[in-house]
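Engineer: Structure below; questions to follow.
The values are calculated or read from the model by the stated rules, or taken from the named source; none is laboratory data. Only a predicted model underlies this, so the values are computations on that prediction, with no experimental measurement involved. Here Cβ is always computed from backbone atoms with ideal geometry, including for glycine, and neighbour counts include all displayed protein chains.
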Amino acid sequence: MKLVKISKTMVAGLCIAATLAGAALPTMALSPAGYTSLAQLEKENEVTTPEQVETQINQIGPITLESATAIANAQGAYDSLPDEWKAMVSNYETLKLATEELEDLQVENLTKKLSKSLYKEHDDVENFDIYYWSKWPLSTQTTFILPYFCVKNDEIQPIRLIYTYYGGNWIFWNSIVYSVDGEVYKKYFNTESSQKVLKEIGSNYTTVWEVRDEIADPVEIEMLKKSVSAKKAVYRFKGSDSQYDYQMSSYQNDREAITKVLDAYESLMAVSPNVQKRVLENLESHKLGSKFVKIAY
């Protein structure tokens, strides 16, 4: 019979807790030496056993991209074992090999997928990478709100948005109103900080650009996703005295940019840091001529 040591402190703690709760003292099959059987401990505390972990590993089967959940569950069960029990898992090497094989498949799949939708630029001075839609607007003569993300010190940073207004008059906008099939969400920008990030990219006396670059909030990301399939999606750039309505639903390129970047980001966040790093290293670096990409630096 397998035995597990139960300390007097643990027993005392259980007794005190039961007394305070007004409950009956727990029955523990303790021997005079202060031991309880593994079977009894498992029953009372739902402890995962080495044998159960071995069974989970054996049930993984041939490795495919769909094996991720089974492998994660088996690894989680193994990690939950006390250190002295982990050595009892006779097939742990099988789990390690399964994890490596799965990661190779994920790297191959994601590299192929993301190389078609993302471009990468590296900043040599501050040493980080920026990832954006492969068809990012080369022309500055357009209004848009588009997502991108950066990687610093091998860590994927939160999704950011570049908000760009292009028109014939200054708006000095300090809020964005998203209207998507009747659902409305307003994003306000701190006046002081907005003034610092508001940049005039160019002016020829007839056209102006007003641009901001900030981390997207969760609701904003959801509104962007809904915009992709919406019948009517309008982004209002709103200032104190004037405003501009951008009919996003009229532009297929915006839909594609939002879909591709957010999907790529979520796909990367769903895999391990090791897979993330390998995939992003595989993506080819590009140099894009757009002035707006430089705003992100």
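Engineer: Are any residues in region 122-141 of a type in the set (Val, Ile, Thr) and at pLDDT 85 or above, and if so, which ones? Working first, answer last.
Structural biologist: Here is the first cut: in region 122-141, the residues of a type in the set (Val, Ile, Thr) are 125, 130, 140.
Val125, Ile130 - these are the residues of region 122-141 that are of a type in the set (Val, Ile, Thr) and at pLDDT 85 or above.
Engineer: Against the condition part of a strand (DSSP E or B) and either assigned by TED's automatic domain parsing to the domain that holds Asn274 or closer than 30 Å to Ile71 by Cβ (or both), how does Leu146 come out, does it pass?
Structural biologist: Details: part of a strand (DSSP E or B): yes; either assigned by TED's automatic domain parsing to the domain that holds Asn274 or closer than 30 Å to Ile71 by Cβ (or both): yes.
Judged against the criteria, Leu146 is a match.
Engineer: Moving on. Is at least one residue of region 64-84 in contact (Cβ under 8 Å) with a residue 60 or more places away in the chain and closer than 30 Å to Lys135 by Cα?
Structural biologist: no
Engineer: Determine whether Val107 is touching a helix residue (DSSP H, G or I) at 6+ places or on another chain (Cβ under 8 Å), surrounded by 10 or more Cβ atoms within 10 Å (Cβ to Cβ), within 30 Å of Ser134 (Cβ to Cβ) and at pLDDT 95 or above.
Structural biologist: Details: touching a helix residue (DSSP H, G or I) at 6+ places or on another chain (Cβ under 8 Å): yes; surrounded by 10 or more Cβ atoms within 10 Å (Cβ to Cβ): yes; within 30 Å of Ser134 (Cβ to Cβ): yes; at pLDDT 95 or above: yes.
Judged against the criteria, Val107 is a match.
Engineer: Same structure, new question: Give the residue, chosen from Val211, Val234, Val219, that is hydrophobic (A, V, I, L, M, F, W, C) and assigned to a helix (DSSP H, G or I).
Structural biologist: Exactly one residue qualifies, and that residue is Val219.
Conditions tested, residue by residue: (1) in contact with a Ser or Thr (Cβ under 6 Å, 6 or more places away or on another chain); (2) surrounded by fewer than 19 Cβ atoms within 10 Å (Cβ to Cβ).
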position: Pro218; (1), (2): no, yes
position: Met223; (1), (2): no, no
position: Val228; (1), (2): yes, yes
position: Gly239; (1), (2): no, yes
position: Asp245; (1), (2): no, yes
position: Tyr251; (1), (2): no, yes
position: Glu256; (1), (2): no, yes
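Engineer: Filtering region 74-100 down to residues that are surrounded by 14 or more Cβ atoms within 10 Å (Cβ to Cβ) and under 23 Å from the mean Cα position of the chain (by Cα), which residue is nearest to Leu268 (Cα to Cα)?
Structural biologist: Selected residue: Thr99.
Engineer: Hey, among the residues in region 149-171 that are surrounded by fewer than 19 Cβ atoms within 10 Å (Cβ to Cβ) and within 25 Å of Gly239 (Cα to Cα), which one's modelled with the highest pLDDT?
Structural biologist: Arg160
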